[in-house]
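Reviewing the structure listed below.
The values are calculated or read from the model by the stated rules, or taken from the named source; none is laboratory data. As the structure is a computational prediction, the values presented were derived from the model and not from experiment. All Cβ positions, even for glycine, are placed from backbone atoms using ideal geometry, and neighbour counts span all protein chains on display.
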Amino acid sequence: MSNEHEYRITTTWTGNLGTGTSGYRAYRRDHEIHAARKSASIPGSSDPVFRGDPSRYNPEELLVAALSACHMLSYLHLCAEAGIAVTEYRDEAAGYMAVEKDGGGRFTRVVLRPQVAITDTGRAPEAISLHDKAHGLCFIARSVNFTVEHEASITEPRAC
């Protein structure tokens, strides 16, 4: 098995209003993101601050989503290995970006706020500590050059 994995996507611009990019306001920032063997495309645009469609995902949101999902998947794996039964997981993640005078920008940090329900709350300290380990294993977090923090909380499962 190879140690290198490849992830291919296709991004197709769908925002030509008839004259292409003849002017800054002459086109929409809309696009579709698709990956092989996926049943649906992700509708994308730019952030509304940059003339994007607020009803579509923008690249900045997708980066925060990738960090959140990667952390969650690493965490759930570690809990399963440790015998900690997670019954609910919700993350209220936030990314922070600074825009420079030249119009370029960069993320300065992302804060993950996972709210996790486990069946044995007596193991809450162990469950909290697994977030550090999950962060260290997350492929996406290890690939970015800004801080990714996590502020996790553990609760009991809700009664059905």
Given the conditions (1) in a loop (DSSP other than H, G, I, E, B); (2) exposed (fewer than 12 other Cβ atoms within 10 Å of the Cβ), every one holds for Ile84 apart from (2)
Across the range 115-142, which residue is surrounded by the most Cβ atoms within 10 Å (Cβ to Cβ) among those that are basic (Lys, Arg) and closer than 18 Å to Ala80 by Cβ?
Arg123
Could you say whether any residue in the range 24-35 is of a type outside the set (Phe, Trp, Tyr) and in contact with a Cys (Cβ under 6 Å, 6 or more places away or on another chain)?
no
Of the listed residues (Tyr7, Tyr24), the one being loosely packed, with under 10 Cβ neighbours inside 10 Å and under 18 Å from the mean Cα position of the chain (by Cα) is Tyr7
Tell me which of these Gln115 doesn't satisfy, since it passes every other one: (1) without any contact (Cβ under 8 Å) to a residue 24 or more places away in the chain; (2) touching a Ser or Thr at 6+ places or on another chain (Cβ under 9 Å).
(1)
Which numbered condition trips up Phe50, out of (1) outside the structural domain of Arg142 (by TED's automatic domain parsing); (2) surrounded by 15 or more Cβ atoms within 10 Å (Cβ to Cβ)?
(2)
Answer residue from the range 87-114, given it is outside any strand (DSSP E or B) and within 13 Å of the chain's Cα centre (by Cα) and is surrounded by the most Cβ atoms within 10 Å (Cβ to Cβ) among those
Ala93
